[in-house]
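The block underneath contains the structure these notes are about, expressed in structure tokens.
The values are calculated or read from the model by the stated rules, or taken from the named source; none is laboratory data. None of the values given here were measured: they were computed from a predicted structure. Backbone-built Cβ (ideal geometry, glycine too); neighbour counts: all protein chains shown. Each accessible area value is taken on the protein alone, full model and side chains, heavy atoms only, with ligands, DNA and RNA left out. Shrake-Rupley method; radii C 1.70, N 1.55, O 1.52, S 1.80 Å.
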Amino acid sequence: MAIRSFLIFFIFFFFSSLNPILSLYEDQVGLVDWHQQYLGKVKQAVFHTHKTGRKRVVVSTEENVVASLDLRQGEIFWRHVLGSNDVIDGIDIALGKCHYPFIRRKYFESMESSRWADGVGIFSSGFKALKIIVISAESVFNGSWLLMFSDGLITNLKIEKDNIVIIFSNGRLNAVSCIDGEVLWEKDFEGESLEVQHVIQPTGSNLIYVVGFASSSLFEMYQINALNGELLKHESAAFSGGFLGEVSPVFSETVVALDSTGLILLTISFQNGKISFQQMPISNLVKDSFGPAKIIPSSITGIFAIKMNAVTIVIRVTNENKLEVVEKTNHETSISDALSISEGQQAFALVQHAGHEIHLRVKLAHNWDDNLLKESVKMDQHRGLVHKIYINNYIRTDKSYGFRALIVMEDHSLLLLQQGEIVWSREDSLASIIDVTTSELPVERDGVSVAKVEHNLFEWLKGHMLKLKGTLMLASPQDIAAIQSMRLKNSEKSKMTRDHNGFRKLLIVLTRAGKLFALHTGDGHIVWSHLLQSLQKSKVCQHPIGLNLYKWQVPHHHAMDENPSVLVIGKCGPSSGAPGALSFVDTYTGKELSSLSLVHSVAQVIPLPYTDSTEQRLHLLIDADKYAHLYPKTPEAISIFEREFSNIYWYSVEDDSGIIKGHALRGKCTGEVADEVCFDTRELWSIVFPSESEKIIATVIRKQNEVVHTQAKVIADQEVIYKYISRNLLFVATVALKGSGEIGSVTPEESWLVAYLIDTVTGRILHRVTHHGSQGPVHAVFSENWVVYHYFNLKAHRYEMSVIEIYDQSRADNKDVWKLVLGKHNLTSPISLYSRPDVITKSQSYFFTHSVKAIAVTSTTKGITSKQLLIGTIGDQVLALDKRFLDPRRTVNPTQAEKEEGIIPLTDSLPIIPQSYVTHALRVEGLRGIITVPAKLESTTLVFAHGVDLFFTQLAPSRTYDSLTDDFNYALLLITIVALVAAIFVTWTLSERKELQENWR
Amino acid sequence: MGAGRRWAVDFSDNSTAPSSRDIPDPPGFTRASVDQDDSAVSRQKKDAEANWKAQKAWEVAQAPFKNLLMMGFMMWMAGSTVHLFSIGITFSALWQPISALQGVGKGKLSYDFYFSNAVDSSKFHFDFAVFEPYKDNKVDLLGPKLLFIALNLGGLALGVWKLNTLGLLPTHASDWVSSLSPAQEVEYSGGGIPL
């Protein structure tokens, strides 16, 4: 045992002292890592006009991404990811003369963001809270510009002949020169309690109409001269019925609205400054009414649509403001905005769902009866409904118009339809991942493997001969290229079966769209995707939200014939009392095994450390009323649960009131919620933080499935200290109420940060430390017996990282070797947290250059390999930092023994080694989370970082000490062995012969 | 003799050694006459030879001492950190006494072979391959042998001590607890910020 541990230590020491820096060579990029770029759900799309001759579309998304996509393949031509503070409210393309030198100059002046490419600038002159960002949509000198603006409530953008951009934002109408960003005029509506609904600019005139509701029943209209901002007319008229929701402009001086009951359509016209209302009850238009209606926003001349429950009604407005129903359908319908085609004609598109198909129709606005285009496209059910459609026209070779449609689906995917086919599709919901878990792949056996990977012996030999050539440096450049492509396209890594080293797994990700994906860790391809029924809008669940993913069933005993499954937890609506929704999904096939709409809410989900006979994990769901519900609802699960009943506790962190409460289970529920699997709970303890001096900003626990190899830590001179390893430790960081704002908003004297380690079973505070003059945000990671957290030090004007390690003193006197040899110690016997703990902590702080988006720690299957911290930096990269740098036992001058132990001399700041970026040259835009999963090979851990982009790689924190590298040349080994064996035989026969001759002599 | 063994023929060549069994000597050959045939000269010669043998035996017995000193010096040179050199020195320091003491085994083998019967009743007697050339009835090899063993044991002890200073012997508590898995906790708790 001692020898084994020594060997492990030796190997570690040997390798870690050899090369503490992890880096990879250029030709290793893409061997084990993959990177995927996404955009998020498209909010708005603008096609390049065919005048520019470019087949591209510019989109802005809910993830604050603006990107240009190639229409042929859907590839990203360029992309900018804005911060969450720069919400894009609208984009448009300005043709012509937005001046380049100005933008360049402004770019350097503003210095707001250093991440822009050439030809990008930010207007921030003149007015508050409006930011226009101008990006060259093409190359810098091409002259086609894209305008984006942010922070607007209602937006509208028009481009005049002399390049004035008119923007409505934050209750203000602004005219901005496109040449130099100067504000030509502005009109403030803020003071007038006006809820602006629309800004209408009739084509070919210099007038602008601003329409809106002043109170619930007053309609207001402002007429403004677009050239100088002069208010020409202001009219208002009251309507006793009130207004509901939005207005839809049908003509340049007519809008359609609904009254407050949603049953009467109002045609409001303000021709020549006179406001007139025309009422039309919907029941007069359609025979059978379906309840209150809603206007579907669109901007087509003479046509608008309303929706009543599931029924969509398209209504035409004639010149005399008469309403006619032109279509009534039960199918889900989406309508595009108007597209100007030649001779002042407007075209628009309608999309309707019918089973597995969607029907796309393109019509002229003034001619409902004829279709310019009618197509049916086969559509997967798992994409859900069409949410948005954008159309674009092109001229066919026979001079007629062709149309292509860009559609945004319910699952946030983006598709381009042309000539009745899906030209390309993008799974952009992967830009908004909520939760990630992993699943093993099927065990290899006949008929299970999905990918065909077996190739013949000849190819195998050829590959190895090439490799051999490479090793012996005999390879030509073509050979080297062939070797490289062979390594990258290694079909082994995307195989659909379990591998020996556990590198191949499925990443199950839940996205904001309620769609579940399984990504293969080998190359990142989507194995299956499923739009969850339980997270789709329905009558019982109006605003479903996906919350979390848990491993529900992980079969080990029946791994051959049972599939693992995951539990997806969601809830209906953002309120805490909203009922929950569960889904069980098979991770091999992506089929939803079952889904449940719960009657109770879901406030906490506690996966218990017990499984039933079918290896389903027991989960305890706590609702908002503090009742515990056990899943699965089987008698077996209940009996297992009741056996452990008295040992199960739970705690709740109420961060807004600053209270942490501990609870225990009491018994079966009584009263109206009585149920076999419902349990009552009682409060055991509570920790109340004084609200004026401490506000909870971060809580972290250890990963529940983390494996710790040993409880002892051997320090210099063979001394042993015992780690305090508990699954029930909670790290809590609080800041002073004043300091809970942004960094720098308070003086160092007013702000402090307190870190706690709390036992969540007994409520005991094991450690408390105050950092004076420090401020959040706090990012922390908890592993084994240590916690590392990152915060801002106001006094030093720098970010800091601190480490707390917690050790158990009560075990320290286990020093008698003979007792340990004979096993007469109680170090491994189960302990109760109610026994009095005797802990000591060691801590240390260091400066750290970067601000941090996320921190994670590597995890390996046995917990032997040394750990690395994975830090998601503000630059959207992932930095690997050895845990040895965050060791509280570091001193400025370590002794010889401490040096041997691997203690690094103490420095004031943590080093950032450029080679230790695990994302190497790539960037995971909008980085939100880093997940580590152990591989089966002890040395290796799998890392998945997600944000707008996805990145996956394998890491070996202490190098791969337990396996040969991928490019190990087996052929060379084989040849050497064969040569040696041959040599042995030859020399043997030679020596035999010689001996015989000697004997004859 | 075991019950299952009726008869046995020994094909071993016993011609050079005195017979170990109660086989009568061939006619015309008297064993006693060979022994008693010693003249005074030959006796003297034998004495000188015995002296020389005893001296040589003592020399051989003392040989490990030099080795011991040499080893000590090498160990001091190697230092107390674990690396290839110090491990090599230590293991050779352990191996040399062990291989020398393995001579015990070998010596006993030959001894069993030659005197399996004769020594049955004799006192405790051990033998060494290294001392084989100096074997003589008149030379008392016990002293050199004991010294030889003691010195080799000393060498072994030195090697073990070195092994310990290198930290390769499980004599510390740390060697026995370094792979103890953490203790199980009876209680289980979960929760956090409400979803």
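Pull up the range A:806-816, narrow it to residues that are outside any strand (DSSP E or B) and surrounded by 12 or more Cβ atoms within 10 Å (Cβ to Cβ), then point me to the one that is farthest from the chain's Cα centre (by Cα). If you could, list the steps in order and put the result at the bottom.
Restricting attention to the range A:806-816, the residues satisfying the condition of being outside any strand (DSSP E or B) are A:809-816.
Cutting the leftovers down to surrounded by 12 or more Cβ atoms within 10 Å (Cβ to Cβ) gives us A:809-812, A:814-816.
Details: A:GLN809: 42, A:SER810: 44, A:ARG811: 43, A:ALA812: 45, A:ASN814: 47, A:LYS815: 49, A:ASP816: 52 Å.
My answer is A:ASP816.
Anything in the range A:563-595 that is among the β-branched types (Val, Ile, Thr) and more than 14 Å from chain B (Cβ to nearest Cβ)? List them, or say none. Explain how you work it out, then say what you get.
If we filter the range A:563-595 for residues that are among the β-branched types (Val, Ile, Thr), which is where we start, we get A:566, A:568-569, A:585, A:587, A:589.
Selection gives A:VAL566, A:VAL585, A:THR587, A:THR589.
Okay, residues lined up against (1) in contact with a helix residue (DSSP H, G or I) (Cβ under 8 Å, 6 or more places away or on another chain); (2) touching a residue at least 60 places away in the same chain (Cβ under 8 Å); (3) among the aromatic types (Phe, Trp, Tyr):
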{"site": "B:LEU156", "(1), (2), (3)": "yes, yes, no"}
{"site": "B:LEU168", "(1), (2), (3)": "yes, yes, no"}
{"site": "B:TYR188", "(1), (2), (3)": "yes, no, yes"}
{"site": "B:LEU195", "(1), (2), (3)": "no, no, no"}
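Please state which one of A:GLY863, A:GLY875 is open to solvent by less than 40 Å² (accessible area, probe 1.4 Å) and on the phi > 0 side of the Ramachandran plot. Show your work before the answer.
Working: A:GLY875 fails: on the phi > 0 side of the Ramachandran plot.
Matching residue, one of A:GLY863, A:GLY875: A:GLY863.
Let's see how each residue does on (1) buried (at least 18 other Cβ atoms within 10 Å of the Cβ); (2) touching a Phe, Trp or Tyr at 6+ places or on another chain (Cβ under 6 Å); (3) in a loop (DSSP other than H, G, I, E, B); (4) of a type in the set (S, T, N, Q):
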site	(1), (2), (3), (4)
A:TRP818	no, no, no, no
A:GLY823	no, no, yes, no
A:THR828	no, no, yes, yes
A:ILE840	no, yes, no, no
A:SER843	no, no, no, yes
A:ALA854	yes, no, no, no
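Scan the range A:286-318 for residues that are open to solvent by 20 Å² or more (accessible area, probe 1.4 Å), among the aliphatic types (A, V, I, L, M) and closer than 19 Å to A:ILE268 by Cβ and jot them down.
Of the range A:286-318, the ones open to solvent by 20 Å² or more (accessible area, probe 1.4 Å) are A:287-292, A:294, A:296-297, A:299, A:301, A:307, A:309-310, A:316, A:318.
Next cut, among the aliphatic types (A, V, I, L, M) only: A:296, A:310.
Within the range A:286-318, A:ILE296 is the sole residue that qualifies.
Just checking, how many residues over the range A:319-344 are β-branched (Val, Ile, Thr), open to solvent by less than 30 Å² (accessible area, probe 1.4 Å) and at pLDDT 80 or above? Break it down stepwise before answering.
Start the filter on the range A:319-344 by keeping residues that are β-branched (Val, Ile, Thr), which leaves A:325-326, A:329, A:333, A:335, A:341.
Then drop every residue that is not open to solvent by less than 30 Å² (accessible area, probe 1.4 Å), which leaves A:329, A:333, A:335, A:341.
This time we only want the ones that are at pLDDT 80 or above, so: A:329, A:333, A:335.
Within the range A:319-344, residues that are β-branched (Val, Ile, Thr), open to solvent by less than 30 Å² (accessible area, probe 1.4 Å) and at pLDDT 80 or above number 3.
Mind telling me which of the residues A:GLY546, A:GLY570, A:GLY577 ends up being part of a loop (DSSP other than H, G, I, E, B) and open to solvent by less than 60 Å² (accessible area, probe 1.4 Å)?
Numbers: A:GLY546 fails: part of a loop (DSSP other than H, G, I, E, B); A:GLY570 fails: part of a loop (DSSP other than H, G, I, E, B).
Answer to the selection: A:GLY577.
Which of the residues that make up the range A:265-285 are buried (at least 16 other Cβ atoms within 10 Å of the Cβ), under 17 Å from A:VAL314 (Cβ atoms) and not hydroxyl-bearing (Ser, Thr, Tyr)?
The answer is A:LEU265, A:MET280, A:ILE282, A:LEU285.
Filter the range A:580-589 down to the residues that are touching a residue at least 24 places away in the same chain (Cβ under 8 Å) and not in a loop (DSSP other than H, G, I, E, B) and list them by number.
Applying the first criterion (touching a residue at least 24 places away in the same chain (Cβ under 8 Å)) to the range A:580-589 yields A:580-585, A:587-589.
Within the range A:580-589, A:GLY580, A:ALA581, A:LEU582, A:SER583, A:PHE584, A:VAL585 meet the criteria.
Would you confirm, using the coordinates I've provided, whether A:ASP151 is outside the structural domain of A:PHE77 (by the TED database), open to solvent by 20 Å² or more (accessible area, probe 1.4 Å) and at pLDDT 75 or above?
Numbers: outside the structural domain of A:PHE77 (by the TED database): yes; open to solvent by 20 Å² or more (accessible area, probe 1.4 Å): yes; at pLDDT 75 or above: no.
In short, no.
Are any residues in the range A:626-645 away from chain B (no Cβ under 12 Å) and assigned to a loop (DSSP other than H, G, I, E, B), and if so, which ones? Before the answer, list the steps.
So in the range A:626-645, the residues away from chain B (no Cβ under 12 Å) come out as A:627, A:629-640, A:642-643.
If the condition is that a residue be away from chain B (no Cβ under 12 Å) and assigned to a loop (DSSP other than H, G, I, E, B), then A:TYR627, A:PRO632, A:LYS633, A:THR634 are the ones that fit.
Do you know which residues across the range A:609-625 are on the phi < 0 side of the Ramachandran plot and away from chain B (no Cβ under 14 Å)? Reasoning before the result, please.
Quick first cut of the range A:609-625, residues on the phi < 0 side of the Ramachandran plot only: A:609-614, A:616-625.
Within the range A:609-625, A:ASP612, A:SER613, A:THR614, A:GLN616 qualify.
Read through the list (1) open to solvent by 20 Å² or more (accessible area, probe 1.4 Å); (2) without any contact (Cβ under 8 Å) to a residue 24 or more places away in the chain; (3) under 30 Å from A:LEU263 (Cβ atoms), then give the number of the only condition that A:GLY355 fails.
Checking A:GLY355 against (1) open to solvent by 20 Å² or more (accessible area, probe 1.4 Å); (2) without any contact (Cβ under 8 Å) to a residue 24 or more places away in the chain; (3) under 30 Å from A:LEU263 (Cβ atoms), the one that fails is (3).
Take the residues of the range A:646-692 that are small (Gly, Ala, Ser) and within 14 Å of chain B (Cβ to nearest Cβ): which is surrounded by the fewest Cβ atoms within 10 Å (Cβ to Cβ)?
Across the range A:646-692, the extreme among qualifying residues is A:SER657.
Scan the range A:885-895 and give yes if some residue there is farther than 25 Å from A:TYR807 by Cα and crowded, with 16+ Cβ neighbours inside 10 Å, otherwise no.
Taking the range A:885-895 as the starting set, the residues that turn out to be farther than 25 Å from A:TYR807 by Cα are none.
No - not one qualifying residue is present in the range A:885-895.
Identify, by number, the condition in (1) at pLDDT 90 or above; (2) within 15 Å of the chain's Cα centre (by Cα) that B:TYR188 doesn't meet.
(2)
Counting just the residues of the range A:549-562 that are touching an Asp or Glu at 6+ places or on another chain (Cβ under 9 Å) and open to solvent by 60 Å² or more (accessible area, probe 1.4 Å), which one comes out farthest from the other protein chains (Cβ to nearest Cβ)?
Among those residues, the one meeting the criterion is A:HIS558.
Mind listing whichever residues of the range B:164-195 are more than 7 Å from chain A (Cβ to nearest Cβ) and open to solvent by less than 20 Å² (accessible area, probe 1.4 Å)? Steps first, please.
Of the range B:164-195, the ones more than 7 Å from chain A (Cβ to nearest Cβ) are B:164-166, B:169.
If the condition is that a residue be more than 7 Å from chain A (Cβ to nearest Cβ) and open to solvent by less than 20 Å² (accessible area, probe 1.4 Å), then B:LEU166 is the only one that fits.
Scan the range A:782-798 for residues that are in a strand (DSSP E or B) and among the aliphatic types (A, V, I, L, M) and report the count. Spell out the reasoning first.
In the first step, residues of the range A:782-798 are kept if they are in a strand (DSSP E or B); the result is A:782-783, A:786-793, A:798.
Those left that are additionally among the aliphatic types (A, V, I, L, M): A:787-788.
Residues in the range A:782-798 being in a strand (DSSP E or B) and among the aliphatic types (A, V, I, L, M): 2 in total.
Please verify whether A:THR849 is in contact with a helix residue (DSSP H, G or I) (Cβ under 8 Å, 6 or more places away or on another chain) and open to solvent by 60 Å² or more (accessible area, probe 1.4 Å), treating the condition exactly as stated. Break it down into steps so the answer makes sense when it comes.
Working: in contact with a helix residue (DSSP H, G or I) (Cβ under 8 Å, 6 or more places away or on another chain): no; open to solvent by 60 Å² or more (accessible area, probe 1.4 Å): yes.
In short, no.
Of all residues being touching a strand residue (DSSP E or B) at 6+ places or on another chain (Cβ under 6 Å) and open to solvent by less than 20 Å² (accessible area, probe 1.4 Å) in the range A:693-707, which is farthest from the other protein chains (Cβ to nearest Cβ)? Just the residue, please.
This residue is A:GLU694.
I'd like the full set of residues that are closer than 13 Å to A:ASP838 by Cα and either facing another protein chain (nearest Cβ under 7 Å) or touching a helix residue (DSSP H, G or I) at 6+ places or on another chain (Cβ under 7 Å) (or both), limited to the range A:708-725.
A:ILE725
Please verify whether the range A:617-635 includes one or more residues that are over 18 Å from A:LYS668 (Cα atoms) and either in contact (Cβ under 8 Å) with a residue 12 or more places away in the chain or open to solvent by less than 10 Å² (accessible area, probe 1.4 Å) (or both). Can you show your working first?
Taking the range A:617-635 and keeping what is over 18 Å from A:LYS668 (Cα atoms), we get A:617.
Now restrict to residues that are either in contact (Cβ under 8 Å) with a residue 12 or more places away in the chain or open to solvent by less than 10 Å² (accessible area, probe 1.4 Å) (or both): A:617.
Yes, the range A:617-635 has at least one match.
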